[in-house]
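Chemist: I'd like to ask you about the structure that follows.
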Amino acid sequence: MARRAIPILKRLVQSSDNPVNVGLASRVDRTRSVTYMPRPGDGTPRAVTLIPGDGIGPLVTGAVEQVMAAMHAPVYFERYEIHGDMKSVPQEVMDSIKKNKVCLKGGLNTPVGGGVSSLNVQLRKELDLYASLVHCCNYPGLPTRHENVDIVVIRENTEGEYAGLEHEVVPGVVESLKVITKFCSERIAQYAFEYAYLNNRKKVTAVHKANIMKLADGLFLESCREVATKYPGIKYNEIIVDNCCMQLVAKPEQFDVMVTPNLYGNLVANTAAGIAGGTGVMPGGNVGADHAVFEQGASAGNVGNMKVLEQKKANPVALLLSSAMMLRHLRFPSFADRLESAVKRVISEGKNHTKDLGGNCTTQEVVDAVIAALD
Amino acid sequence: MASQIVRRVLRARASEIFAAQSATNPSSARVFSCFDRSLSSSAASGSHLIRATLFPGDGIGPEIAESVKQVFKAADVPIEWEEHYVGQEVDPRTQSFLTWESLESVRRNKVGLKGPMATPIGKGHRSLNLTLRKELNLYANVRPCYSLPGYKTRYDDVNLITIRENTEGEYSGLEHQVVRGVVESLKIITRQASLRVAEYAFHYAKTHGRDRVSAIHKANIMQKTDGLFLKCCREVAEKYPEIKYEEVVIDNCCMMLVKNPALFDVLVMPNLYGDIISDLCAGLIGGLGLTPSCNIGEGGIALAEAVHGSAPDIAGKNLANPTALMLSAVTMLRHLELHDKADRIQNAILNTIAEGKYRTADLGGSSSTTDFTKAIIDHL
């Protein structure tokens, strides 16, 4: 009897010795209670376009490649080099993305005031990736000032203030057009409510400034209200963007899914990412009817600065979690689960944090820790 | 009394002639230098009264305005209030409920304090804030945000000023429906307005001893519009070499503000970003009920205001928190260069809140407005 008891006792001692008792818990969590039954042939490796990008982009996409290889995930990457100061996205890259339908990219640095239009925006417009999603939530092990944050910001990605239609009327007076159409507002509202419905979310909040921009944001709100009537099980409310930012820093737990036009979405997503732990950790992506591009969720800091680049201390967590989202999008749920739980374990253990999370590790150390945490 | 009349005549004539510096004739008490860019107006002599326009406003406005008057009287501040109320009917000369006399009063006095005003819903008139802004040409909105010691929020080290361009940008109100289902809204940036607000920002930084000014923009996407704004800021920055100048993209700025607000000092922004960032900063320190605000207009006009709403549900019940209006009045005093009085009142307010014995309901206490006011007077 003692012999049979020894392994059980050993396991109990091990788990109680382990200060972060995640090992035992996640082993229980991870076993799926209902098996995912794939179609025959679903396991053939999928091609994914990989755009390393500028700045810390190559560093963090390299991290993703390493982790994918370690997991033997059924994806292989087709690399294409693009840099932010190119005039437009090369045709071969567009063809590759259209063929593969899924892309993973690092940040592209748009030169400020340089007369070069942003390649990020160009990519989104050409592939019609009309919804940008950022999931901001608290990760255990990451100290933040706010608790109970679990916000998904869904942002219209093609029109609004980023229409790029500017001109100089007379010297010293410049106009920029903000375009809002019913077609785009309706489809982003539809996406937001559908996302809430499919992911068991309870509330959708529309963010606007319709008290000042009555026609433009008024049209956006009208579309949201119409779609809300089709989803009676999901609560819907509206909030003005400046009040929204104030509430985000005071009481972020009141928000669930937020749907916004283009510019406000940028600000709200970065604010929400900041309160939940920083933009280096939040996953996100851009999705359209036919294609999807995954990248670091909130845009601030996705190119990094020189110091981070030289010391190779970029945070790969955001892109790793986005690639987990990509694996789910490609219908490889168990690989996605494994990757996500490994990354969460590394964050909660707290030993391998990069500089933006308060630690001092390099990207490579984080990658090694994630690979070690995979099972 | 004869000397008072003589002084008033001299003052009026001097302000007509646009006298150069206020250091000329100390006996003609308030000589306002009325340059376009002149913003620190007078060297007020202690004995003479400055006239200031007071708009108590609606809802809790009258109560908190009363608090401010009491505190100022107890502190011996040389200000004489000229009260104006929002009318009940639309004045055709201004197209709104504010009368022409009220606006003339502010133009004459150059200094004003405004309580919360509720814009009545309906058509045929301009919103009150819009009227004030357009008629008085209030081009910059200044909000100093600092953490109140003793009132704990999640952020303890906030100490920044947001300066927002108030006349153009995305809020020009020029929208139209192109075809059914397609709406265009114009965002306008002009060189003149951007230069004006940048000048004010750097001047403010210099006179208040701030060492950094950050321009917030989205010029990587909106290249011509925000690019013009940045160009104007850079031009002004060259004239103030002792002040550090940097440019921050707005999404970076939002993230840095919520992670580490101590990184920022003075922020200058176009209209829309300014609206959002200034409210975000107000949220960092505890909400609109504690945030002072001041609007600067052409000709050295300063209209301090409380940015919170008129709270009709607690109007008249002696529950309102006068802190925002009082801190705004302190900003007004600093604009008038009455720095010692401003410091005294500000310290009294901060000490009262820090002590924690007298706090109004929105700060978690249970004092009434009058108790809170008395506590501040006691602390003076």
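Chemist: Out of (1) touching a residue at least 60 places away in the same chain (Cβ under 8 Å); (2) farther than 21 Å from residue B:61 by Cβ; (3) not in a loop (DSSP other than H, G, I, E, B), the odd one out for residue B:347 is which?
Modeler: Single failed check for residue B:347: (1).
To keep it simple, each residue is scored yes or no on (1) within 14 Å of another protein chain (Cβ to nearest Cβ); (2) outside any helix (DSSP H, G or I); (3) touching a strand residue (DSSP E or B) at 6+ places or on another chain (Cβ under 6 Å).
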residue	(1), (2), (3)
B:268	no, yes, yes
B:273	yes, no, yes
B:279	yes, no, no
B:282	yes, no, no
B:289	yes, no, no
B:293	yes, yes, yes
B:296	no, yes, yes
B:303	no, yes, yes
B:309	yes, yes, no
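Chemist: Given the condition modelled with pLDDT under 90, away from every other protein chain (no Cβ under 14 Å) and touching a Gly at 6+ places or on another chain (Cβ under 6 Å), answer yes or no: does some residue in segment A:287-304 qualify?
Modeler: Step one: list which residues in segment A:287-304 are modelled with pLDDT under 90, which gives A:296-304.
This time we only want the ones that are away from every other protein chain (no Cβ under 14 Å), so: none.
No: segment A:287-304 contains no residue that is modelled with pLDDT under 90, away from every other protein chain (no Cβ under 14 Å) and touching a Gly at 6+ places or on another chain (Cβ under 6 Å).
Chemist: Ok, one more. Going by the structure shown, is residue A:84 of a type in the set (Gly, Ala, Ser) and crowded, with 22+ Cβ neighbours inside 10 Å? Steps first, please.
Modeler: Values: of a type in the set (Gly, Ala, Ser): yes; crowded, with 22+ Cβ neighbours inside 10 Å: no.
So residue A:84 does not fit the description; no.
Chemist: May I ask you to verify whether residue A:217 is closer than 20 Å to residue B:179 by Cα, within 9 Å of chain B (Cβ to nearest Cβ) and charged (D, E, K, R)?
Modeler: Working: closer than 20 Å to residue B:179 by Cα: yes; within 9 Å of chain B (Cβ to nearest Cβ): yes; charged (D, E, K, R): yes.
So residue A:217 fits the description; yes.
Chemist: Go through the residues of segment B:330-340 one by one and say whether even a single one is in a helix (DSSP H, G or I), closer than 29 Å to residue A:266 by Cβ and open to solvent by 10 Å² or more (accessible area, probe 1.4 Å).
Modeler: So far as segment B:330-340 goes, no, none of its residues is in a helix (DSSP H, G or I), closer than 29 Å to residue A:266 by Cβ and open to solvent by 10 Å² or more (accessible area, probe 1.4 Å).
Chemist: Condition (residue is at the interface with chain A (Cβ under 9 Å from one of its Cβ atoms), surrounded by fewer than 24 Cβ atoms within 10 Å (Cβ to Cβ) and among the acidic types (Asp, Glu)) applied to segment B:187-204: is it met by at least one residue?
Modeler: Looking for residues that are at the interface with chain A (Cβ under 9 Å from one of its Cβ atoms), surrounded by fewer than 24 Cβ atoms within 10 Å (Cβ to Cβ) and among the acidic types (Asp, Glu), one finds none in segment B:187-204, hence no.
Chemist: What's the number of the only condition in (1) touching a Lys or Arg at 6+ places or on another chain (Cβ under 8 Å); (2) surrounded by 17 or more Cβ atoms within 10 Å (Cβ to Cβ) that residue A:119 fails to meet?
Modeler: (1)
Chemist: Might you check whether a residue that is at pLDDT 90 or above, farther than 18 Å from residue A:210 by Cα, more than 9 Å from chain A (Cβ to nearest Cβ) and over 18 Å from the mean Cα position of the chain (by Cα) occurs anywhere in segment B:160-172?
Modeler: no
Chemist: Since residue B:251 meets every condition but one in (1) in contact with an Asp or Glu (Cβ under 8 Å, 6 or more places away or on another chain); (2) within 12 Å of another protein chain (Cβ to nearest Cβ); (3) buried (at least 22 other Cβ atoms within 10 Å of the Cβ), which condition does it not meet?
Modeler: The one condition residue B:251 does not meet is (1).
Chemist: Any idea which of (1) open to solvent by 40 Å² or more (accessible area, probe 1.4 Å); (2) within 11 Å of another protein chain (Cβ to nearest Cβ); (3) under 24 Å from residue A:253 (Cβ atoms) is the one residue A:109 doesn't satisfy?
Modeler: Among (1) open to solvent by 40 Å² or more (accessible area, probe 1.4 Å); (2) within 11 Å of another protein chain (Cβ to nearest Cβ); (3) under 24 Å from residue A:253 (Cβ atoms), residue A:109 violates only (3).
Chemist: Next question, about the same structure. Go through (1) surrounded by fewer than 22 Cβ atoms within 10 Å (Cβ to Cβ); (2) touching a His at 6+ places or on another chain (Cβ under 7 Å); (3) under 30 Å from residue B:192 (Cα atoms) one by one and return the number of the condition residue A:238 breaks.
Modeler: The one condition residue A:238 does not meet is (3).
Chemist: With the requirement that a residue be open to solvent by less than 30 Å² (accessible area, probe 1.4 Å) and more than 7 Å from chain A (Cβ to nearest Cβ), what does segment B:217-233 give you?
Modeler: Scanning segment B:217-233 gives B:217, B:218, B:226, B:229, B:232, B:233.
Chemist: Follow-up. Taking the criterion of being closer than 30 Å to residue B:154 by Cα, among the hydrophobic types (A, V, I, L, M, F, W, C) and buried (at least 24 other Cβ atoms within 10 Å of the Cβ), would at least one residue in segment A:331-339 satisfy it?
Modeler: Start the filter on segment A:331-339 by keeping residues that are closer than 30 Å to residue B:154 by Cα, which leaves none.
No, segment A:331-339 contains no residue that is closer than 30 Å to residue B:154 by Cα, among the hydrophobic types (A, V, I, L, M, F, W, C) and buried (at least 24 other Cβ atoms within 10 Å of the Cβ).
The values are calculated or read from the model by the stated rules, or taken from the named source; none is laboratory data. What you see is a predicted model, and the numbers here were worked out from it, not measured in a lab. Note: ideal-geometry Cβ built from the backbone for every residue, glycine included; neighbour counts use all protein chains shown. All accessible areas refer to the heavy atoms of the entire protein, side chains included, with ligands and DNA or RNA removed. Shrake-Rupley method; radii C 1.70, N 1.55, O 1.52, S 1.80 Å.
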